[in-house]
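Notes to accompany the following structure.
Only the coordinates and a few stated rules stand behind these numbers; no lab work does. Source: prediction; values computed, not measured. Using ideal geometry, Cβ is built from the backbone for each residue, glycine included, and neighbour counts are taken over all protein chains shown.
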Amino acid sequence: MRLWFALPRTAWLSAGLLSAALALAALLVRALMGAGGDNIATLMLLQAAAVLALAVFSGNSGITSFGHSAFMGLGAYAAALMTMPAAVQKTALPNLPAWLQGHELGLLAALAVAALVGIGVGMASGAVVARLSTGSAAIGTLAFLIILHVCLVGARDITRGSQTFYGVPRLTGFGVALATVVLFTFIARLFREGRVGLALRASRENEVAAAALGVNVGRMRLFSWALSITLACVAGALYGHYLGAFSPKDFYFDLIFLLIAMLIVGGRYSVTGALTGVVMLTAVVQILRQAEAGIDIGFVQVPPIFGLPQLGLGLALLMTIWARPIGMVGLSELSPATFAAKLADPPPAATPAPRAEAAARSLAVRDVTVRFGGLAALENVSFTVPTGQVTGLIGPNGAGKTTLVNVICGQQRPTSGAVLLGDIRLSDLPPHRVARVGLARTFQNIRLFDRLTALENVTVAAQAAGHGRAVAEELAMAELQRVGLAGRWNELAEAFAYGDRRRLEIARALALDPEFLLLDEPAAGMNPAETDRLIAMLEELRRERPIGILVIEHDMRLIMRLSDRMVVLNKGQKIAEGTPEDIRNDPAVIEAYIGTKRPTLNQRGEMQ
Amino acid sequence: MEFFLQQLLNAVSLGGIYALLALGLAVVFSIVALINFAHGELMTVAGYVLFVCILYAVPLPIAVVAAIGAAAVAAAATERLAFRPMRRADPTSLMLTSFAVSAILKVLFQNGISARPKPVPLPPELSGTLTFGPVRLGTVPLASILVTCLSLAALTLFLKRTVMGKAMRAAAEDFQVLRLMGIRANRVIAAAFALSGMLAGISAALWVAQRGSVDPLMGFVPVLKAFVASVIGGLGSLSGAVAGGFALGIAEVLFQAYLPEAALPFRDAFVLGVVILILLWRPDGLIPAKTGRRS
């Protein structure tokens, strides 16, 4: 586990700035809103704590959780049972089980109980969330909302069912709320920059690519969910001790709707956005609540509209998603660099230490057969990719190249046969394990983490290779330098042009420090000049590192020039293997590509 | 025996309603990847149209057709107004849009009509029981099962035999290719929404027939259940939606009938707990959706 204080200094400064800004906003509300100011400011801070808890999971993973309000309820009831005076407990909850009676703990101890409940429930429910796909996971959280609500209503002896649970000491004041929010801001902000947060954000942008770079997406989701639920339980406990009396309905749909609206309107992709949304929608809700009873503007009388705050939240949410889906704040965080760009220095680039040289292993495809129903996409394909060389894999459309790539990278189980790296069976491993064993890849349709910076894209891979944050960033800079993108380290990947995207993807794969690199049509869509630069870069790479490269390509010029050996697939079968020279003159290859025996390939590998 | 048969009947009729709702969700999800929270409000629209028709003594069959039509129009309208401008958005944004639409419509119903339930009296011949030899069975559940079966059969015919139906199935597997075949995307999507609205309308009629009243939150609970059903079946899978709907309905009724008294308040928690176990076993659902995507 990497330690948090190893994080970039800007993350700490940013968290400090955010805390200060929110504290200022809360103090202003308290001072300006008159008699109710203290209450409104405290409520705003508690909602900020809840939204931060939600953001730790939903913001980073991209999976909307509808369950958080119910987990807050769980924390509220758990903590309230601990602090409730024994005398009140006797009348309010006559049938309370003995082990819950008469604890009369202080607030801090009660919060610790809520946090423990959160860890336990969070780990258990997280095991489910971690296994589901993004859409199903959102509905899974909805199921948790209903399950917990039903349990809170059903456990009458403990919670008074749907009746009001009263007699909870009002221990949450402005100061307690503020201290909690500052703590939560630091946790959320540092978590976002940390190893898990960065890996999760990468999976949010592109789950397949994250797994192919060695990120165990499920485990990252489990970890962040458990943390997020723990924070939600603590926030709920504080909210309960602010309300003093509540019922399960207070922790159901209306609350989660408010929290989600705040997160989305402010901006789900940053902690700054989450906090901005809380402040803005607090203002909107306060104003609309005044207007709910009806307004008299001189000549016009607006009739009372029941549910006006809900209507306002709905419209705010709708307009945000239409006009600016990334929210008011967008992707960047409030940090010292917001005010002085020169504070955002690139990290130094480190020369990667040469890999501890194990016995050179080879990547072997052994008798791989894949059948889809009756169709054999691959039939008994075998070949070896030696280390230190470039192996080219070609074949006409429908030859089975993509299927073979999927088998090698663990995305498709072969019907029979295996792919071996040394003596490890890659074809039995999930994609993220394949990456860690030593095989990195790029994708036919480039899969970058679009809304992460170039440096973050590459750092994800370096961290997955086992480096701490600082070292990972230095290695990432070195890889960016190699592909000529170091000057643009701080730009978002989505801003890069096509050729640059290809090169960034290669830099990212190399940051894994793989023994083998699989390039899936690296020159697709490139013009001749770009292809030449790519060839030069790959040739240099081959000289520098003992790495085995497998290139799948349509571009004959590139593959003929680069490959030491070539493998040709046609209709699921290997029809030729040898040096580019052999392949160029192989009649079976020519027939597969052209269909007749007449034309041949010239010296430059072009069809004549 | 009679108790068991009645419970089975209830289970199948409830499962049928969930199946129709889940199918409506699946039709839309399979094509535009939208998890539609506003589906419940389509039910509510149909419920209110039914209420108004019966208030003005419109014959029941016409009232039901009007209600189903109104839900279809409402679905197409939400597509045109809220979701079409969002065509390029990611699934999460789409889902949140529907979440907001749903919240806004609820407030509008509460203020425009009434926050309180409105009674929808059924014709007396529907409220009794039918006697088959020694067993008496409720008319409403029987009619409900009949309607569900007819709807499923009609839907199957539509999807397999008509051009638009085939286009919808094709769109679910690969929308880009469908467009390259010269099919107009907007028409397929609008038709999918209208179809999901019709399904919501049918389920609303069945739901109201069992409840006897409509209120602004009427669609909330059944559609939550339908979400769960569509996940058990496999998000976006049509046969999965039907399987999930029936499985959920049957599980609910069985738990209701056979759970001990003390555990009854926790019925939904038990049912959803089982659902979660199923998902741990099969994360992509019982009958996962097919898609044709390359890496």
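With θ taken as phi - 60° and the coefficients 6.51, -1.76 and 1.60, list the Karplus ³J(HN,Hα) couplings across region B:128-136 in order, rounded to whole Hz; mark glycine and proline as x.
With coefficients 6.51, -1.76 and 1.60, one gets x, 10, 10, 10, 10, x, x, 9, 10 Hz.
At 222 nm, what value in deg cm²/dmol follows for chain A if DSSP H runs of at least 4 each add -39500 (n - 2.57) and the sum is divided by all its residues, to the nearest 500?
Taken over chain A, the calculation gives -17000 deg cm²/dmol.
Rounded if a/c is under 1.5, else prolate if a/b is larger than b/c, else oblate: which is region A:8-252, with a ≥ b ≥ c the root eigenvalues of its Cα gyration tensor?
Taking the square roots of the gyration eigenvalues as a ≥ b ≥ c, region A:8-252 is oblate.
To the nearest 10 degrees, how steep is helix A:217-243 against the longest Cα principal axis of chain A, on a 0 to 90 scale?
10 degrees
How do A:Arg508, A:Arg557, A:Arg160 rank when sorted from fewest to most other Cβ atoms within 10 Å of their own Cβ? Let's see the in-between values first.
Values: A:Arg508 30, A:Arg557 16, A:Arg160 19.
So the residues, fewest neighbours to most, are A:Arg557, A:Arg160, A:Arg508.
Apply the Karplus parameterisation 6.51 cos²θ - 1.76 cosθ + 1.60, with θ equal to phi minus 60°, to every residue of region B:56-67 and state each ³J(HN,Hα) to the nearest whole Hz, in sequence, with x for glycine and proline.
9, 6, 5, x, 4, x, 5, 4, 5, 4, 4, 5
Please list, in chain and number order, the residues 5+ apart from B:Ile35 or on another chain whose amide H is under 5 Å from its amide H, with Hs placed from the backbone.
Long-range HN contacts for B:Ile35: B:Met95.
Within region A:475-506, report the GluC sites (Glu not before Pro) that DSSP leaves as loop and that have at most 15 other Cβ atoms within 10 Å.
A:Glu491
Give me, ordered by chain and number, the residues 5 or more places off B:Leu286 or on other chains with an amide H under 5 Å from its own placed amide H.
B:Gly233, B:Gly234
Once both axes come from the Cα atoms, what is the angle between helix A:454-464 and the longest principal axis of chain A, in degrees from 0 to 90, rounded to 10?
Approximately 90 degrees, to the nearest 10.
Only counting other Cβ atoms within 10 Å, I'd like B:Trp207, A:Trp99, B:Trp281, A:Trp225 sorted with the fewest neighbours first.
Listed from fewest to most nearby Cβ atoms, that is A:Trp99, B:Trp281, B:Trp207, A:Trp225.
Read phi for every residue in region A:322-339 and hand back ³J(HN,Hα) as whole Hz from Karplus 6.51 cos²θ - 1.76 cosθ + 1.60, θ = phi - 60°, with x for Gly and Pro.
Per residue, the Karplus-derived 3J(HN,Hα) values read 5, 8, 8, x, 7, x, 4, 7, x, 9, 8, 9, 5, 7, x, 5, 4, 9 Hz.
I'd like the distance separating the alpha-carbon centroids of region B:131-165 and region A:432-492, in whole Å.
What the calculation gives is 56 Å, centre to centre.
Classify the protein assembly as shown as rounded, prolate or oblate from the Cα gyration tensor: take a ≥ b ≥ c as the square roots of its eigenvalues, call it rounded if a/c is under 1.5, otherwise prolate when a/b beats b/c and oblate if not.
oblate
Shape call for region B:167-283 from the C-alpha gyration tensor, a ≥ b ≥ c root eigenvalues: rounded (a/c under 1.5), prolate (a/b greater than b/c) or oblate?
On the way: a/c = 3.58, a/b = 1.67, b/c = 2.14.
Judged from the Cα gyration tensor, region B:167-283 comes out oblate (a/c at least 1.5, b/c at or above a/b).
For chain B, what is the calculated [θ] at 222 nm in deg cm²/dmol (nearest 500), taking -39500 (n - 2.57) for each run of four or more DSSP H residues and dividing by its residue count? Display every interim value, and only then the final one.
Details: 12 runs with 210 residues, N = 295.
Computed mean residue ellipticity for chain B: -24000 deg cm²/dmol.
Return the subset of A:Lys401/B:Lys166; A:Lys571/B:Lys160; A:Lys401/B:Lys290; A:Lys574/B:Lys166; B:Lys106/B:Lys166 for which the Cα-Cα distance in this structure is over 29 Å, preserving the input order.
Exceeds cut-off: A:Lys401/B:Lys166; A:Lys571/B:Lys160; A:Lys574/B:Lys166; B:Lys106/B:Lys166.
For the residues B:Ser30, B:Ser114, B:Ser230, A:Ser133, what sequence is obtained by ranking on other C-beta atoms within 10 Å, fewest first?
Working: B:Ser30 24, B:Ser114 13, B:Ser230 33, A:Ser133 16.
Fewest-to-most ranking of B:Ser30, B:Ser114, B:Ser230, A:Ser133: B:Ser114, A:Ser133, B:Ser30, B:Ser230.
Cα axis of helix B:267-281 to longest principal axis of chain B: angle in degrees, 0 to 90, nearest 10?
40 degrees
Under the rule of at least 5 residues apart or a separate chain, name every residue whose amide H is placed under 5 Å from the amide H of A:Met566.
The answer is A:Gly392, A:Gly578, A:Thr579.
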